[in-house]
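Data block below; observations after.
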Amino acid sequence: SDKPYDLVVIGAGPGGYVCAIRAAQLGMKVACVDMRKTLGGTCLNIGCIPSKALLHSSHLFAQARHEAADHGIKITGTVRPDLPAMMARKDKVVQANVDGIAYLFKKHKIDWISGMGRIDAPNEVGVALHDGGDMTLIADHIVLATGSEPAPLPGVDIDGRMIVDSAGALALPKVPKRLTVIGAGVIGLELGSVWSRLGAQVTVIEYLDHILPHMDAEVRKQSQRILKKQGLEFRLSTKVTAAKKTTKGVNLTVQPAAGGDSEHVVSDVVLVAIGRVPHSLGLGLDKNGIERTERGFIKVNERYETTAKGIYAIGDVIGGQMLAHKAEEEGVAVAEMLAGQAGHVNYDAIPSVVYTWPEIAAVGKTEEQLKANGVDYKSGSFPFTANGRARANDDVDGFVKILADARSDRVLGCHIVGASAGDLIQEIVVGMEFGASAEDIFRASHAHPQLGEAIKEAALAVHGRPLHL
Ligand code: FAD
Ligand code: NAI
């Protein structure tokens with residue numbers, strides 16, 4: 001194009017594509033470069049969306065297999081997964097979602113440039129085009145939204161077949177008999193659940209002495225107990241020191257994290273899920289004076305400006321919570337700042353959800369954080385066993401816990417293990433944005449019979465007076 005762009009975004013994941021759309025809405029001329037053949041980044045192509053498609057399908061399968069009879073539903077013959085059909089459905093879901101972003105780009109007149117982008121000069125983005133050739137885009141502003149990729153585990157190299165990362169685990173050709181997951185984080189528990197439900201014997205190896213490191217301790221404990229009941233085996237405080245591929249499968253050498261005797265764990269497939277690292281290779285960062293942190297994240301200030309003028313960065317590549325909606329909020333904020341508006345992200349009220357069943361959801365501070373910060377707080381909890389709808393649905397695992405400031409009653413955090421916890425938490429997110437107190441939450445009418453009544457009851461419990469406990 002001859003006329004320079006107001007904004008060129010490198011990376012079309014939730015951070016980049018949302019930034020592009022918001023900037024276009026604000027009247028800017030925008031291009032978005034991505035090296036994938038489709039838009040949507042990690043999240044839509046190999047992350048959030050395909051994982052949720054498989055989680056839902058495998059959940060339906062587990063219900064048909066284990067719960068139908070309890071509901072008086074008789075299934076004659078065996079219930080078994082048709083993996084190719086399940087995968088084909090997942091692929092269709094992904095395709096519809098990525099096509100949706102292409103439609104939105106068209107609608108907002110955003111130029112989609114397909115290729116590998118790099119910064120050639122402060123106002124120049126070079127692109128090695130997918131279809132061959134190279135082009136230069138002139139831009140007043142550049143946003144880097146290049147995301148992240150799986151962290152490698154030395155000695156346990158991904159081969160995409162027997163040793164896989166999350167992308168591989170979303171596309172296994174058959175249900176492994178034995179699956180070993182390294183890392184009891186979000187990916188390990190979600191994809192471990194998928195394959196366990198479909199019939200794999202799943203062992204999760206975790207270096208720390210607990211699962212889900214960033215979650216509230218009570219949530220971690222209950223979740224582990226529930227997942228164990230579902231058949232996931234946990235080996236905590238354990239490290240993997242070597243992997244050997246044999247005809248019988250992958251032989252992992254494991255050892256207590258603190259040292260000691262080695263043992264072997266043999267499985268058909270190993271999933272490495274030990275975290276994600278920023279993706280910034282080949283972008284021309286050093287050449288352009290764009291600094292990184294020790295851990296490789298692009299350094300930004302509170303306006304998402306990198307150390308190079310006119311160049312911004314958002315999403316996974318700047319670190320913090322590596323979540324799609326966090327990247328989206330940052331994308332919107334940068335676009336609005338470029339248009340002269342305020343642009344703001346409230347990092348105290350970003351929910352995080354683990355899509356196991358029951359789901360695990362959190363927003364704000366954990367009890368451990370409040371204690372460490374010396375905050376005087378009150379806690380109120382309510383179990384789903386005491387919620388009528390949860391009983392009607394036979395989804396009684398879990399609880400809601402609300403943490404509020406002891407003096408002001410302001411809600412500081414909420415932690416939920418339970419059916420649809422990810423949907424339920426949103427009420428508290430909105431409440432926290434408005435500075436709600438626990439009393440504000442329980443004075444609001446909650447429809448009956450709903451799982452959300454457990455939130456009202458937990459807020460009442462903060463005041464020591466739940467009605468149904
Ligand atoms: P990305 O989505 O990673 O997008 C970056 C894009 O930039 C990619 O398409 C990449 O190919 C492209 N790119 C990189 N470098 C270049 C270059 N030089 N030139 C051109 N293009 C480039 N988050 C949630 O909130 N909820 C979930 O349920 C959830 N589930 C997940 C499940 C899995 C299995 C995984 C792996 C992640 C999940 N996440 C989830 C995390 C979520 O995917 C990320 O936080 C999110 O995608 C980050 O968005 P982003 O825009 O920063 O980067
Ligand atoms: P994670 O950070 O959630 O968990 C990694 C786990 O591996 C931790 O418990 C860590 O202690 C452990 N670990 C690290 N090194 C180890 C080693 N050598 N041996 C054994 N255990 C080790 O990372 P994960 O699960 O890979 O996911 C990456 C990110 O993707 C998440 O942090 C999250 O931001 C995002 N994501 C979000 C989802 C959601 O929102 N539902 C779903 C999936 C991913």
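Quick note: the coordinates plus some simple rules give every number you see, no bench work behind them. Keep in mind the model is a prediction, meaning the values are calculated, not measured. All Cβ positions, glycine included, derive from the backbone under ideal geometry; neighbour counts span all protein chains shown.
Overview of results
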read-out	value
Relative contact order of the chain, pairs being alpha-carbon contacts under 8 Å that are 6 or more residues apart, as %	14
Sorted peptide list for 67-75, 252-260, criterion being average Cβ within 10 angstrom, highest first	252-260, 67-75
Ellipticity estimate at 222 nm from DSSP helix runs (n ≥ 4, -39,500 (n - 2.57)) divided over the chain, nearest 500	-9000 deg cm²/dmol
Cys with no candidate disulfide partner in the chain (beta-carbon separation under 4.7 Å rule)	Cys19, Cys32, Cys414
Rounded to whole Hz, the Karplus (6.51, -1.76, 1.60) HN-Hα couplings of segment 73-87, x for glycine and proline	10, 9, 10, 8, x, 8, 8, 9, x, 10, 4, x, 5, 5, 5
Gain on full stretching of the segment that runs from Asp440 to Leu281 - 0.36 nm per residue minus C-alpha separation	52.4 nm
Contour minus Cα-Cα distance for Lys248 and Glu233 (0.36 nm per residue)	3.3 nm
Global geometry of segment 323-380, whether rounded, prolate or oblate, following the gyration tensor of its Cα atoms and the 1.5 cut on a/c	oblate
Sparse-neighbour loop sites [chymotrypsin sites (Phe, Trp or Tyr not before Pro); segment 357-454; at most 14 other C-beta within 10 Å; DSSP]	Phe434
Tensor-based shape of the chain (alpha-carbon gyration tensor, a/c under 1.5 rounded, otherwise prolate or oblate)	oblate
Inter-label distance, nm, simple model (7 Å from Cα along the C-beta direction), Ile138/His66	6.2
For the chain, share of DSSP beta bridges that run antiparallel, in % to the nearest 5	65
Cut-off 17 Å, label 7 Å out along Cα→Cβ of Trp112, residues of segment 81-95 by amide N	92-95
